[in-house]
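This report refers to the structure that appears directly beneath it.
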Amino acid sequence: MYTLKDELARKLNAIRADGTYKDERVIVTPQGASIRVSDGKEVLNFCANNYLGLSDDARIRAAAVEAMQKYGYGLSSVRFICGTQSQHKELERRVADFLGTEDAILFSSCFDANGAVFEPLLDEDSAIITDSLNHASIIDGVRLCKAKRWIYKHADMRDVEETDPETGKSLKGLERCLKEAQGSHAIMIATDGVFSMDGDIANLGAICGLAEKYGALVMVDDSHATGFMGAKGRGTWEHCGVAGRVDIITTTFGKALGGASGGVIASRKEIVEYMRQKGRPYLFSNTLAPAIVGGTLQALHILTGSTELRDRLEANTKLFRRLMTEAGFDIRPGEHPICPVMLYDEKLAHRMADDLLDEGIYVIGFSFPVVPKGKARIRVQLSAAHSEAHIRAAVEAFRKVGRRLGVI
Ligand SMILES: *Cc1c(COP(=O)(O)O)cnc(C)c1O
């Protein structure tokens, strides 16, 4: 007889046997460059999205406490009933200014923003064209809309259709998809600004160019870029020099901007206005907590006033990439603080991450199915919170473990 209990036990065992079971390491301190895990060990953290080191910033903590004192703990309401405070409106104004858009609308998370953004804008006669490596929340958001779907081969801008030698499936480039989608109502291209496994940056110059040629809208999820990519940290649109050409930006407050939670859609005023009427995760989920609104406002205030943190992150990233390359490691080239150390072998990647933890360096090994088979790696993430000494200590540990395991 089928019982769900037995079925789940069987599936959990299969996940363990696969080596893809996810254990959660318990941290007993705030997030930061140096953290303590529950067995009492102090480790240097190189796997958080704490890009600017703001997760435990004293100014943000103080602003969050102050906002909570002034506006209370929670609002017990969605925005349109009685969940909009003056500071929610102020944050929407400030985020729109920071991202260079007309308006912005807050969500509990970027996952929710991506769950909201497609369905109201794209009817069944519209087209959505998405990069094959887009984040899970974009994939789920696309599933919720009725538009016809095209998936283009990751980062492939060409007018081509090829057969994948491994799977036999057809692979298309973006321009081919755009051609096939001509005649649809709205056509939207959706892409991550930065792809989190490789740290590669979407070619927004080419994407916006094609969008203009074929009359499509461009939606960019800048979760791994807002706050630090580009000279003023405004994101990939600034980095790629496409100001004003991206129609919709979604992003998170849960990474560089203090790392608590919350997300946003920033766009033209009609799109934002329509989202307030029709975006389901906005209409039917509670408003962002006052402390998070106050903390995020402070994060934007800090980043608008100075580029010091994104500059330090950039310097740290360059230093780590240079030292690791000199040490003989195979680093995926790039400029993003996501820095994949390629090991290719799945077991080796996990073994190396474990050994590095013993050396006091907290990093994570990634293997199939999170990355393609045979492309296992350790993903290192740099932060402005790291000192030069932290980075040198990490490279030293990589050298020691790398030599022992025969990687270098
Ligand atoms: C982290 C991330 C999200 C999810 O953001 P949350 O605010 O944590 O829900 C969405 N998209 C991308 C590309 C991300 O990296």
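For the reader, a short list of remarks on this structure follows.
- Label-to-label distance, residue 330 versus residue 27, with points set 7 angstrom from Cα along the beta-carbon direction: 3.0 nm.
- Under 17 Å from residue 179, Cα to Cα: aspartates and glutamates that are on another chain or at least 8 residues apart: 125, 131, 156, 159, 161, 162, 212
- Across the options 298, 277, 405, the greatest Cα extent toward the positive end of the charge dipole of the stretch 266-408 (unit charges at beta carbon of Lys, Arg, Asp, Glu) belongs to 277.
- Environment charge of residue 337, counting only residues whose C-beta is closer than 12 Å and scoring Lys/Arg +1, Asp/Glu -1: +4
- Positive minus negative residues near residue 127 (Lys, Arg vs Asp, Glu; Cβ under 12 Å): 0
- Gain upon complete extension [residue 102, residue 186; 0.36 nm per residue less C-alpha separation]: 28.2 nm
- Summed side-chain charge close to residue 28 - residues other than residue 28 whose Cβ falls under 15 Å, Lys, Arg +1, Asp, Glu -1: -1
- Taking other C-beta atoms within 10 Å as the exposure proxy, 164, 200, 311 rank 164, 311, 200 from fewest upward.
- Modelled this way, with points 7 Å down the Cα-to-C-beta line, the labels at residue 16 and residue 170 are 4.4 nm from one another.
- Note on the stretch 331-408: with charges restricted to the Cβ of Lys and Arg (+1) and Asp and Glu (-1), its dipole about the Cα centre is near 280 debye.
- Diffusion constant of the stretch 59-305 at 10 °C, which comes from Stokes-Einstein with the Kirkwood Cα-pair radius and 1.306 mPa s, µm²/s: 87 µm²/s
- The fewest-to-most ranking of 226, 167, 252, 20 by surrounding Cβ atoms within 10 Å reads 167, 20, 252, 226.
Each reported figure results from applying straightforward, stated rules to the coordinates on display, with no laboratory input. Treat the numbers as computed from the prediction; the structure is a model and nothing was measured. Note that each Cβ is placed from the backbone with ideal geometry, even for glycine, and that neighbours are counted across all protein chains shown.
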